[in-house]
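A short worksheet on the structure shown next.
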Amino acid sequence: MTLRGAAFIVGAHEHPGRVLPDTSTAQIHVEAALGALADAGLRLEDVDGYFCSGDAPGGPLAMADHLGLAARHIDSTDLGGSTYVAEVSHAAQAIAAGKCTVALITMGGRPRSAGRRTPPSTGPAHPFEAPYGHSNAASYALAARRHMYEFGTTPAQLAEVKVAAAAHAQHNPRAFLSKPVTVEEVLESPMIADPLHRMDCCVVTDGGGALVVVSPEVAAGLSRRAVKVLGAGEAVKHTDLGRTDLTHTGAVWSGPRAFAEAGVTHADIDYVSIYDSFTITVVMTLEDLGFCAKGDGGRFVADGTLRAGDALPFNTDGGSLCNNHPANRGGMTRTIEAVRQLRGEAAPAVQIPDCDVALVHGTGGWLGTRMGSATLILGQEDS
């Protein structure tokens with residue numbers, strides 16, 4: 001079974017809030033859901049498939065009840081930051097299999113207002129790794145340092161990713177950080193986990209988003225411009241019993257699968273939405289997806305390559321580095337911005353002319369240990 005043309009994204013909504021101290025996580029899900037359904041021209045009563053991560057309040061059963069959904073198909077995939085890229089693929093698979101026709105995908109979180117009072121659940125290895133200082137930032141720093149050792153990547157090259165994201169964020173009135181920055185400013189920001197500075201790290205915000213994925217028949221009856229699902233791929237990379245190669249991500253497997261199913265090449269991609277949890281994440285992902293050779297990522301992103309109007313524009317809303325990053329689930333906002341680009345609805349200053357094919361990629365887990373990757377390729381209705 002191929003996903004190409006099996007389903008269409010007809011609704012997308014990014015919650016406008018970035019700091020929401022008086023809004024519950026459940027309410028963020030509701031507001032995002034209603035926004036995406038309104039965008040599609042559909043109602044809650046039309047939804048027969050519901051998708052959310054396991055971190056939704058009470059899980060999908062409680063949220064389906066809260067939303068009043070008569071869903072006949074439910075999915076609670078949890079792949080960390082890649083979850084909501086994978087959920088689009090899972091929704092398309094369910095639609096192709098006849099399990100549902102209108103799939104609602106919601107995400108919400110309040111990490112900025114609520115804080116994190118307990119460590120995240122990281123599996124059975126956590127008690128053995130945590131005592132040695134293994135944290136989220138430290139894990140990505142390990143990968144960054146190894147990449148520098150193997151390939152000569154520099155902190156200034158990593159900083160170029162932040163500079164590009166910030167250049168785009170200035171055109172997004174809702175971006176959490178909207179001020180342009182320079183490479184020097186990134187390098188002068190405080191060190192968080194050597195070699196990653198504060199500006200190499202994503203923001204922490206409240207907020208959320210939602211998507212509506214439907215069958216071709218439903219899409220044909222709607223007036224809203226639809227975005228076609230062309231291909232998808234998923235992969236897991238783990239520690240391999242200690243023989244961990246820190247120089248690649250799961251994108252080396254998920255990317256080729258998505259390209260093969262979509263039937264497109266790298267030259268066909270007009271825009272990339274890449275989960276930018278840290279600057280090193282983007283550099284390694286671009287390599288592993290095949291946009292440049294392994295080890296060339298640092299040089300590839302230099303000189304404005306990722307900015308709108310250049311070779312491979314990325315994250316034109318400012319990404320997780322500048323715009324929005326609720327609940328460590330950057331795949332949702334990455335997908336929403338790709339939909340905007342394909343519809344021609346991105347901010348005018350960063351809208352990609354004749355944007356026909358977009359790639360979305362999410363990274364879940366930690367680069368230094370175990371992680372999941374999900375790649376999604378989207379196109380115009382007539383692609």
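The values are calculated or read from the model by the stated rules, or taken from the named source; none is laboratory data. None of the values given here were measured: they were computed from a predicted structure. All Cβ positions, glycine included, derive from the backbone under ideal geometry; neighbour counts span all protein chains shown. Accessible surface areas use protein heavy atoms only, side chains included; no ligands, DNA or RNA. Shrake-Rupley method; radii C 1.70, N 1.55, O 1.52, S 1.80 Å.
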Can you bin the stretch 220-304 into rounded, prolate or oblate? Criterion: square roots of the alpha carbon gyration tensor eigenvalues sorted a ≥ b ≥ c, rounded for a/c under 1.5, prolate for a/b above b/c, oblate for the rest. prolate
Bins of 10 Å from zero: percent of alpha-carbon pairs in the stretch 9-126: 13, 44, 32, 10, 1
Angle between the Cα long axis of helix 25-40 and the longest principal axis of the chain, 0 to 90 degrees, nearest 10? 60
Which whole-number percent is the relative contact order of the chain (Cα, under 8 Å, 6+ apart)? 26
Distance histogram in 5 Å bins (all Cα pairs of the stretch 304-359, percent per bin): 4, 21, 31, 26, 13, 4, 1
Alpha carbon centre of the stretch 144-160 versus the stretch 20-78: separation in Å? 40
Check the chain and count each lysine pair with an alpha-carbon distance under 23 angstrom, considering only pairs eight or more places apart or from different chains. 4
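Determine, from the Cβ-Cβ distance of residue 156 and residue 178 and an R0 of 22 Å, the FRET efficiency 1/(1 + (r/R0)^6), rounded to the nearest 0.05.
0.45
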What shape does the stretch 17-86 take by its C-alpha gyration tensor, where a ≥ b ≥ c are the square roots of the eigenvalues and a/c under 1.5 counts as rounded, a/b above b/c as prolate, and the rest as oblate? rounded
Just round it to a whole percent: the fraction of Cα-Cα distances in the stretch 198-341 exceeding 21 Å. 50
From the mean inverse distance of alpha carbon pairs (Kirkwood) and the Cα radius of gyration, derive Rg over Rh for the stretch 60-178. 1.05
From the Cα gyration tensor of the stretch 96-246, with a ≥ b ≥ c the square roots of its eigenvalues, which class applies: rounded if a/c is under 1.5, or else prolate if a/b is larger than b/c, or else oblate? prolate
Please calculate the 1.4 Å probe accessible area of residue 176, with all protein chains present, and give it to the nearest 10 Å². 70
Within 13 Å, Cβ to Cβ, of residue 194, how many net charges do the neighbouring residues add up to if Lys/Arg are +1 and Asp/Glu are -1? +2
Computed helical MRE - 222 nm, the chain, DSSP H runs ≥ 4 contributing -39500 (n - 2.57), nearest 500: -10000 deg cm²/dmol
Just add up the charged neighbours of residue 222: K/R +1, D/E -1, any other residue whose Cβ is under 14 Å from the Cβ of residue 222. +1
Using a 1.4 Å probe over the heavy atoms of the protein chains, calculate the carbon and sulfur portion of the accessible area of the stretch 161-255 as a whole percent. 54
Taking a quarter of the surface of the Cα convex hull of the stretch 175-253, what do you get in nm²? 9.9
Rank these residues by their accessible area, most exposed first, probe 1.4 Å: 183, 214. 183, 214
Accessible-area order (highest first, 1.4 angstrom probe) of the listed residues 132, 271: 132, 271
Compute the acute angle (0 to 90°) between the alpha-carbon long axis of helix 279-289 and the principal axis of greatest extent of the alpha-carbon atoms of the chain; round to the nearest 10°. 70
Could you pull the accessible area for residue 184 with a 1.4 Å probe, rounded to 10 Å²? 110
Report the convex hull volume per residue for the chain, counting only C-alpha atoms, in Å³. 128
Compute the helix-to-body angle for 251-262: its Cα long axis versus the longest principal axis of the chain, expressed 0 to 90° and rounded to tens. 40
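Please work out how much length the chain gains when fully extended from residue 225 to residue 113, using 0.36 nm per residue of separation minus the C-alpha to C-alpha distance, in nm with one decimal. Spell out each step's value before the answer.
Details: separation 112, 0.36 × 112 = 40.32 nm, distance 3.53 nm.
That works out to 36.8 nm of additional length.
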Using only the alpha carbons, work out the radius of gyration and Dmax of the stretch 212-268 in angstrom. 16.9, 53
Under the 7 Å Cα-to-Cβ spin-label approximation, residue 294 and residue 243 lie apart by a distance in nanometres of 1.4
